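The values are calculated or read from the model by the stated rules, or taken from the named source; none is laboratory data. Not measured: the values here are computed from a predicted model. With ideal geometry, Cβ positions are generated from the backbone for all residues, glycine too; neighbour counts draw on all protein chains shown.
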Amino acid sequence: MVYTVSVRVLRDAHDAEECAQDTFVKAYQNLGGFAGGSKFSTWLYSIAYRTAISRLRSRPEGHVGLDDAPPTLTAAADETALETHDRRTALAIALGQLPGEDAAVVTLYYLAEQSIDEIVTATGLSASNVKVKLHRSRKRLFELLKHQLKEEAWTLL
């Protein structure tokens, strides 16, 4: 999940790998500073999120990631597996079109199953800001998926 949060913010696998490595180094170096006021995973996601945001802000203007191309579909014999893969691919593409911070908040909430309070702790955003980002991101994801999947979207939802 540290890598996932990093890649959602940075949109570049190489940068996300370095960010994830930096996150674990920082966590190890500051392990004594973990007070136990939140879950360990929340503390770790906080370091990952802030490290990724710092790296994002330090990038030169106009940086294009190596992974900006949409994911390719691999052959799958099972039709159910193919449909699942199609849905995951569509979701990954749609998440890739959200702003980095919004994609990270959605990832923390839905994939890492973090609570609003845990996301507040991890990101430093206010609870209302997290809720607004989630609400707007869900609406934006719906529109992106509807456009991407066209008529199929209505059967999926």
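Looking at (1) surrounded by fewer than 18 Cβ atoms within 10 Å (Cβ to Cβ); (2) within 15 Å of Ala122 (Cβ to Cβ); (3) free of Cβ contacts under 8 Å to residues at least 40 places away in the same chain, which is the one condition that is false for Gln29?
Of the numbered conditions (1) surrounded by fewer than 18 Cβ atoms within 10 Å (Cβ to Cβ); (2) within 15 Å of Ala122 (Cβ to Cβ); (3) free of Cβ contacts under 8 Å to residues at least 40 places away in the same chain, the odd one out for Gln29 is (2).
Given the structure, is Ser6 of a type in the set (Ser, Thr, Tyr), buried (at least 19 other Cβ atoms within 10 Å of the Cβ) and within 21 Å of Ala92 (Cβ to Cβ)? Let's see the steps before the verdict.
Values: of a type in the set (Ser, Thr, Tyr): yes; buried (at least 19 other Cβ atoms within 10 Å of the Cβ): yes; within 21 Å of Ala92 (Cβ to Cβ): yes.
Yes.
List the number of the failed condition for Ala48; all other conditions in (1) modelled with pLDDT under 90; (2) surrounded by 13 or more Cβ atoms within 10 Å (Cβ to Cβ) hold.
It is condition (1) that Ala48 fails.
Working carefully through the options Leu98, Leu73, find the one that is modelled with pLDDT of 85 or more, within 25 Å of Leu149 (Cβ to Cβ), part of a loop (DSSP other than H, G, I, E, B) and not small (Gly, Ala, Ser).
Working: Leu73 fails: modelled with pLDDT of 85 or more.
Result: Leu98 is the single residue among Leu98, Leu73 that is modelled with pLDDT of 85 or more, within 25 Å of Leu149 (Cβ to Cβ), part of a loop (DSSP other than H, G, I, E, B) and not small (Gly, Ala, Ser).
Does any residue in region 118-133 that is closer than 12 Å to Val106 by Cβ and without any contact (Cβ under 8 Å) to a residue 60 or more places away in the chain come within less than 8 Å, Cβ to Cβ, of a residue that is surrounded by 14 or more Cβ atoms within 10 Å (Cβ to Cβ) and charged (D, E, K, R) six or more places away or on a different chain, and which pairs are these?
Partner pairs satisfying both residue conditions: Lys133/Glu101; Lys133/Asp102.
Residue by residue through region 111-130, note down the ones that are within 26 Å of Gly36 (Cβ to Cβ) and in a helix (DSSP H, G or I).
Leu111, Ile116, Asp117, Glu118, Ile119, Val120, Thr121, Ala122, Thr123, Ala127, Asn129, Val130
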